[in-house]
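Down below is the structure, laid out as structure tokens.
The values are calculated or read from the model by the stated rules, or taken from the named source; none is laboratory data. Predicted, not measured: the structure shown is a model, and the values here were computed from it. Cβ atoms come from the backbone with ideal geometry, glycine included; neighbour counts cover every protein chain shown.
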Amino acid sequence: MEDEVVNIEIDSFDKLSIVDFSIVGKTLVAIDIRNITNNEDKTRVMDFVTGLSIGRECTIRQINREGVYLLNPRESYS
């Protein structure tokens, strides 16, 4: 069975509250923060995403240097 990746694009810290993160820890999730222009906002978003993935027992992998990260659920560890 192939894992489906859900893409979540975030363009500001302020809009983080409207994103549905309930799938994190249940399926592969790609977080794209490339459209965030403020470096402080990028840091705050990554702090949130890091805490969320720790709480949901996921791993985080950087997919590209511009700001795309893959959150892997615990079941998909290999």
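Among the residues of segment 37-47 satisfying the criterion of being surrounded by fewer than 14 Cβ atoms within 10 Å (Cβ to Cβ) and out of contact with any Asp or Glu (no Cβ under 9 Å at 6 or more places or on another chain), which is farthest from Glu75 (Cα to Cα)?
Looking at residues that are surrounded by fewer than 14 Cβ atoms within 10 Å (Cβ to Cβ) and out of contact with any Asp or Glu (no Cβ under 9 Å at 6 or more places or on another chain), I get Asn38.
Write out, first by first residue and then by second, each pair whose Cβ atoms fall under 7 Å of each other, whose residues are 6+ apart or on separate chains, and whose first residue, in segment 24-46, is farther than 17 Å from Gln62 by Cα and among the acidic types (Asp, Glu) while the second is modelled with pLDDT under 95 and buried (at least 17 other Cβ atoms within 10 Å of the Cβ).
Asp41/Phe13
Could you tell me whether any residue of segment 16-36 is in contact with a Gly (Cβ under 9 Å, 6 or more places away or on another chain), of a type outside the set (Lys, Arg) and surrounded by fewer than 14 Cβ atoms within 10 Å (Cβ to Cβ)?
Yes: segment 16-36 contains one or more residues that are in contact with a Gly (Cβ under 9 Å, 6 or more places away or on another chain), of a type outside the set (Lys, Arg) and surrounded by fewer than 14 Cβ atoms within 10 Å (Cβ to Cβ).
Looking at segment 1-31, which of its residues are polar (S, T, N, Q) and out of contact with any strand residue (DSSP E or B) (no Cβ under 9 Å at 6 or more places or on another chain)?
Across segment 1-31, the qualifying residues are Ser12, Ser17, Ser22.
Output the qualifying pairs, or none if there are none: Cβ atoms under 6 angstrom, residues six or more apart or on different chains, first residue in segment 52-73 and within 13 Å of Asn35 (Cα to Cα), second residue of a type in the set (Val, Ile, Thr).
Note: pairs meeting the criteria are Gly67/Ile33.
Looking at (1) closer than 12 Å to Tyr69 by Cβ; (2) out of contact with any strand residue (DSSP E or B) (no Cβ under 7 Å at 6 or more places or on another chain), find the lone condition where Glu40 falls short.
That leaves (1) as the condition not met.
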